[in-house]
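Heads up: the structure comes next, in structure tokens.
The values are calculated or read from the model by the stated rules, or taken from the named source; none is laboratory data. Note that the coordinates shown come from a computational prediction; the quantities given were computed from them, not determined experimentally. Cβ atoms come from the backbone with ideal geometry, glycine included; neighbour counts cover every protein chain shown. Protein only, heavy atoms only, side chains kept; ligands, DNA and RNA dropped before computing areas. Shrake-Rupley method; radii C 1.70, N 1.55, O 1.52, S 1.80 Å.
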Amino acid sequence: MAFCKEIDRSKSPCLHYKNPGQCLLSERRLCPEYILNKKPVLSYSYVLAYTRCRKYWYQNYILGTEPLGKSLPILYGQLFHANLAFLQSRNPDLEVEIKKISDKIYDVEIGNEVPQELKTLTGFLNAYKQLPISTFHDSEIEKENYVEYSDFILKTTTDLYEPIKKIIYDWKWIGQPDDYTFFTTKLQAGLYLLANPDAKAITYRLFRKPALKQTKKEKDFEFLTRIEKSVLNSPKHYIIDKTFWRSEYNFHEIKASLYAIAEEIKTNLLKGENYFYENYSGCFSPYTCLYLKQCESNLI
């Protein structure tokens with residue numbers, strides 16, 4: 001008997017199946033049949049979502065429920081990443097993605113003016129493009145990795161990989177670079193290194209958001225120029241690289257955590273939806289949950 005109500009056997013194993021263990025019906029969805037009959041596919045975002053709130057994970061990755069909420073921090077992070085990826089690859093598809101994310105930001109932000117953070121981000125990127133550190137030669141952008149373990153498949157997508165130096169780069173558009181330490185990044189860095197067995201290290205390139213604000217008399221181009229000059233005058237203040245080496249990590253401990261999560265996911269799928277319960281302390285941390293309105297209104 002099939003667990004998934006939308007399974008279509010007209011094509012083996014299912015018309016909607018995408019290897020490994022994903023579903024074509026939604027870019028977010030995982031295949032519950034694959035999880036139960038074989039093994040879960042785990043990534044950093046999946047694990048982070050599951051440990052934050054099991055109900056969020058179930059709605060997002062099993063049911064593919066479209067959230068009503070929109071997160072500006074997520075959108076700005078996606079926009080920054082897309083711009084950096086385009087800077088390295090000049091892939092025209094990324095231009096389309098940049099436009100799509102920008103439109104979503106305008107949908108969330110209220111008013112007809114260009115949002116403050118969008119102007120700040122644009123001025124920052126204008127400066128970063130002029131710095132020698134912005135260029136990577138012979139690098140791989142948005143490199144996907146799949147590694148199969150006995151109880152789960154590990155999936156990661158790295159922002160940038162330098163195969164010669166064997167270093168993974170992860171980009172962060174953030175307000176507080178000091179929040180990124182070996183301890184706070186241990187799970188993400190450990191997963192990336194597990195999925196990239198050849199990598200020697202991971203470097204977090206932290207982009208500090210300028211605290212400068214546009215004055216009432218200042219035109220948009222003047223503000224963009226001021227942001228650009230500030231970054232160019234103090235690049236080490238705004239751009240911080242933190243590198244952690246493979247030898248620093250306890251991979252036995254990380255894999256044990258992943259095994260435990262994979263086993264719990266399979267057990268709870270068999271027990272039913274109610275076992276994917278809410279974590280109320282995760283509703284507003286690290287940002288407002290995208291499903292909060294639906295949960296509050298008993299829509300899910």
- Message: Quick check on my filter: what residues within the stretch 282-292 are more than 16 Å from the chain's Cα centre (by Cα) and surrounded by fewer than 14 Cβ atoms within 10 Å (Cβ to Cβ)?
- Response: 284
- Note on the structure: Within the stretch 227-243, residues being open to solvent by 40 Å² or more (accessible area, probe 1.4 Å), in contact (Cβ under 8 Å) with a residue 60 or more places away in the chain and under 20 Å from residue 182 (Cα atoms) number 2
- Query: For the stretch 87-110, what are the residues that are over 23 Å from residue 67 (Cα atoms) and out of contact with any strand residue (DSSP E or B) (no Cβ under 6 Å at 6 or more places or on another chain)?
  - Reply: 87, 90, 91, 92, 93, 94, 95
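Would you be able to tell me the number of residues in the stretch 191-250 that are of a type in the set (Lys, Arg) and touching a Phe, Trp or Tyr at 6+ places or on another chain (Cβ under 6 Å)?
So the count comes out to 3.
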- Query: Would it be correct to say that residue 153 is touching a Gly at 6+ places or on another chain (Cβ under 9 Å) and within 30 Å of residue 21 (Cβ to Cβ)?
  - Reply: yes
- Note on the structure: When every residue in the stretch 138-150 that is part of a loop (DSSP other than H, G, I, E, B) and at negative phi is compared, the one farthest from the chain's Cα centre (by Cα) is 150
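Please find, among 62, 110, 35, the residue that is open to solvent by 30 Å² or more (accessible area, probe 1.4 Å) and either under 28 Å from residue 264 (Cβ atoms) or part of a loop (DSSP other than H, G, I, E, B) (or both). Reasoning before the result, please.
Values: 62 fails: open to solvent by 30 Å² or more (accessible area, probe 1.4 Å); 35 fails: open to solvent by 30 Å² or more (accessible area, probe 1.4 Å).
Unique residue meeting the criteria: 110.
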- Message: Considering only residues that are among the acidic types (Asp, Glu) and farther than 15 Å from residue 62 by Cα, which ones fall in the stretch 241-285?
- Response: 241, 248, 253, 263, 278
- Note on the structure: The condition from (1) surrounded by 10 or more Cβ atoms within 10 Å (Cβ to Cβ); (2) at pLDDT below 95; (3) assigned to a helix (DSSP H, G or I); (4) out of contact with any Leu (no Cβ under 9 Å at 6 or more places or on another chain) that residue 222 misses is numbered (2)
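Each row is one residue, and each column tells you yes or no for (1) within 30 Å of residue 23 (Cβ to Cβ); (2) in contact with a Cys (Cβ under 7 Å, 6 or more places away or on another chain); (3) touching a residue at least 12 places away in the same chain (Cβ under 8 Å).
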position: 78; (1), (2), (3): yes, no, yes
position: 90; (1), (2), (3): no, no, no
position: 93; (1), (2), (3): yes, no, no
position: 96; (1), (2), (3): yes, no, no
position: 163; (1), (2), (3): no, no, yes
